[in-house]
Amino acid sequence: MPSPTAFITGITGQDGSYLTELLLNRGYVVHGLVRRASLFNRSRIEHLRLDPAIGGKKLFLHYGDLNDTTSLRRLFRTLQPTEVYHLAGQSHVGLSFEIPEATCQEIANATLGLLEILRDQEQPVRFYHASSSEIFGAPLSAPQNEDSALRPASPYGCAKAFATNLCRVYREAYGLFVCNGIAYNHESPRRGENFVTRKISLAAARISRGQQTELSLGNLDAQRDWGYAPEYVEAMWRMLQQPSADDYVLATGESHTIGDFLAAAFGTVGLEWQKYVRFESRFVRPTEPVRLVGDAAKARAKLDWAPTTKMAALARLMVAADLAEPAS
Ligand code: G4F
């Protein structure tokens with residue numbers, strides 16, 4: 001039996017790196033799409049790429065751009081992937097207010113381009129779309145599930161809602177195996193430093209080492225459902241192993257404020273966060289979801305998936321990882 005072949009857009013991101021590890025461990029050949037940039041941004045997968053048993057043997061990177069569908073189509077023809085994980089796109093909700101057109105181009109149009117390519121494949125391809133809890137935006141009820149109304153509160157949320165609906169339409173109209181993973185916030189030591197959890201874990205570690213004196217943040221009252229990213233990529237893979245395609249909410253079912261996360265992270269190093277955090281209005285978004293919390297009952301029932309790492313443990317492990325990094 002030849003190895004199954006996966007193609008990942010966004011392979012250099014947090015989720016892409018964990019998913020690559022998971023797929024390699026399960027015997028896949030993994031191909032990843034990488035955007036050309038003057039500086040390499042491959043640090044999260046460098047340990048895999050430089051492993052002589054993996055890089056160039058089981059893991060291959062390809063330069064490309066999601067909006068260049070001609071070269072993407074060519075890649076599909078050459079690689080003939082059996083599973084596609086579409087994780088790429090501008091992922092910062094706050095930034096989507098600054099660059100809404102680029103955000104919609106990267107998230108909405110790019111997904112449409114991939115779905116069109118999928119339609120033309122001769123062999124069936126299973127497709128995972130990284131949808132987001134941001135599609136629920138200002139929800140009318142909590143917790144949200146797969147049937148909750150889409151009421152996005154940002155350009156990012158609008159673009160994800162568009163892409164999520166397109167995936168549903170292409171599944172129903174053309175019988176494609178397309179799944180939406182409606183993921184709530186999922187974090188890890190590999191999270192980008194401009195997301196609130198990583199900003200906080202880094203600050204707690206640096207302040208405890210005397211390398212930083214304060215931490216500037218925006219809205220501390222927003223509530224999020226935070227899980228641990230490696231557990232979420234397991235669910236992504238399980239979705240594509242099902243007999244039929246469907247949409248699934250991925251969430252812990254617990255909601256916490258930014259203040260709760262601050263207390264857990266700073267508590268790890270024995271500090272009171274209130275002494276170090278100051279408000280900075282530039283981090284406040286024009287509008288944003290107030291309370292997002294997901295109901296992952298369907299994923300539990302059909303995928304046998306349940307996240308085990310909750311907010312406090314997550315904060316602790318992220319601070320521990322930042323403390324273990326050499327001081328810079
Ligand atoms: O960490 P955040 O930037 O994550 P956000 O906006 O919830 O989005 C993340 O999760 C979504 C769901 O999975 C993804 F779709 C999306 O791609 C991304 O991964 O902000 C969390 C909360 C917000 O309420 C924000 O206003 O933290 C608040 N916040 C307060 N001060 C801050 C800051 N967020 C950031 N990034 N930086 C701050 O200084």
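The values are calculated or read from the model by the stated rules, or taken from the named source; none is laboratory data. Just so we're clear, the structure is a prediction, and the values are computed from it rather than from any experiment. Positions of Cβ are backbone-derived with ideal geometry, glycine not excepted, and every protein chain shown enters the neighbour counts. Protein only, heavy atoms only, side chains kept; ligands, DNA and RNA dropped before computing areas. Shrake-Rupley method; radii C 1.70, N 1.55, O 1.52, S 1.80 Å.
Remarks
- Residue pairs whose Cβ atoms lie under 7 Å apart, separated by 6 or more positions or on different chains, with the first residue in segment 196-207 and over 21 Å from Arg285 (Cα atoms) and the second open to solvent by 10 Å² or more (accessible area, probe 1.4 Å) and part of a helix (DSSP H, G or I), are Ala204/Thr268; Ala205/Leu323.
- Matching residues, segment 207-232, being more than 13 Å from the ligand (Cβ to nearest atom) and either touching a strand residue (DSSP E or B) at 6+ places or on another chain (Cβ under 8 Å) or not assigned by TED's automatic domain parsing to the domain that holds Phe266 (or both): Ile207, Pro230, Glu231
- Taken as a whole, segment 162-172 holds at least one residue that is more than 10 Å from the ligand (Cβ to nearest atom), more than 18 Å from Met311 (Cα to Cα), free of Cβ contacts under 8 Å to residues at least 12 places away in the same chain and not aromatic (Phe, Trp, Tyr).
- Among the residues of segment 205-221, the ones that are closer than 22 Å to His92 by Cα and touching an Asp or Glu at 6+ places or on another chain (Cβ under 8 Å) come to 4 in all.
- Exactly one residue among Thr82, Thr78, Thr103, Thr70 is out of contact with any Gly (no Cβ under 9 Å at 6 or more places or on another chain) and either within 16 Å of the ligand (Cβ to nearest atom) or in contact (Cβ under 8 Å) with a residue 60 or more places away in the chain (or both), and that residue is Thr82.
- Tabulated pairs, segment 242-264, first more than 19 Å from Leu317 (Cβ to Cβ), second away from the ligand (no atom under 14 Å from the Cβ) and of a type in the set (S, T, N, Q), C-beta under 8 angstrom, 6+ apart or interchain: Val249/Asn145
- Single match in Arg190, Arg171 (criterion: under 14 Å from the mean Cα position of the chain (by Cα) and either over 16 Å from Val290 (Cα atoms) or open to solvent by 10 Å² or more (accessible area, probe 1.4 Å) (or both)): Arg190
- Summed over segment 235-292, residues that are more than 15 Å from the ligand (Cβ to nearest atom), crowded, with 16+ Cβ neighbours inside 10 Å and among the hydroxyl-bearing types (Ser, Thr, Tyr) total 1.
- Here Ala229 does not qualify as open to solvent by less than 20 Å² (accessible area, probe 1.4 Å) and farther than 18 Å from Asp322 by Cβ.
- Test: residue in segment 289-298 that is touching a helix residue (DSSP H, G or I) at 6+ places or on another chain (Cβ under 7 Å) and assigned to a strand (DSSP E or B): yes
- Output for segment 299-328, where each listed residue is assigned to a loop (DSSP other than H, G, I, E, B), small (Gly, Ala, Ser) and either at pLDDT below 95 or more than 30 Å from Ser244 (Cα to Cα) (or both): Ala327, Ser328
- Candidates Leu33, Leu48, Leu23, filtered to the one that is at pLDDT 95 or above, touching a His at 6+ places or on another chain (Cβ under 7 Å) and of a type in the set (A, V, I, L, M): Leu33
- With respect to (1) outside any helix (DSSP H, G or I); (2) within 21 Å of the chain's Cα centre (by Cα), the lone exception for Thr20 is condition (1).
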